[in-house]
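Contents: one structure, followed by commentary.
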Amino acid sequence: MSAYTSIYQALTKGRTPMPLSEAARLLGELRAETGVDLADGLRDFAATEFQPGATDSRAIHRRKKTKYGATLDCADWVLHATGARPTMPTQRTRSTS
């Protein structure tokens, strides 16, 4: 049974149903854990897939390096989108007044 199913059943069945705030907190934690797992998987994939080979030319090495960076950016986006990493406040560089 998936965690989502467990939480849904706890909300709808049982003698004492789970409060909505508790269910929301558990679902948020589950989403963040899933995001961390996905990001870790992407990082592991990038580390093995885009390793420079001994016979790679500079152009191939450069392409692999670009793909590696793009995959790491994707992993960072997954962390941000799932709430696993808190968002950083934007810094204003100049006054609007």
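Couple of notes before you dig in:
- Top-ranked residue of the range 1-53 - restricted to ones that are open to solvent by 100 Å² or more (accessible area, probe 1.4 Å) and assigned to a loop (DSSP other than H, G, I, E, B), ranked as modelled with the lowest pLDDT: Met1
- Selection from the range 54-80 of residues that are closer than 30 Å to Ser2 by Cα and exposed (fewer than 13 other Cβ atoms within 10 Å of the Cβ): Asp73
- Restricting attention to the range 28-54, the residues being in contact with a Ser or Thr (Cβ under 7 Å, 6 or more places away or on another chain) and of a type in the set (S, T, N, Q) number 1.
- Condition check for Asp56: in a helix (DSSP H, G or I) and not aromatic (Phe, Trp, Tyr): no
The values are calculated or read from the model by the stated rules, or taken from the named source; none is laboratory data. Given the structure is predicted, the values throughout are model-derived calculations rather than measurements. Cβ: placed from backbone, ideal geometry, glycine included. Neighbour counts: every protein chain shown. Quick note on the areas: whole protein, heavy atoms, side chains included, nothing else; ligands and nucleic acids left out. Shrake-Rupley method; radii C 1.70, N 1.55, O 1.52, S 1.80 Å.
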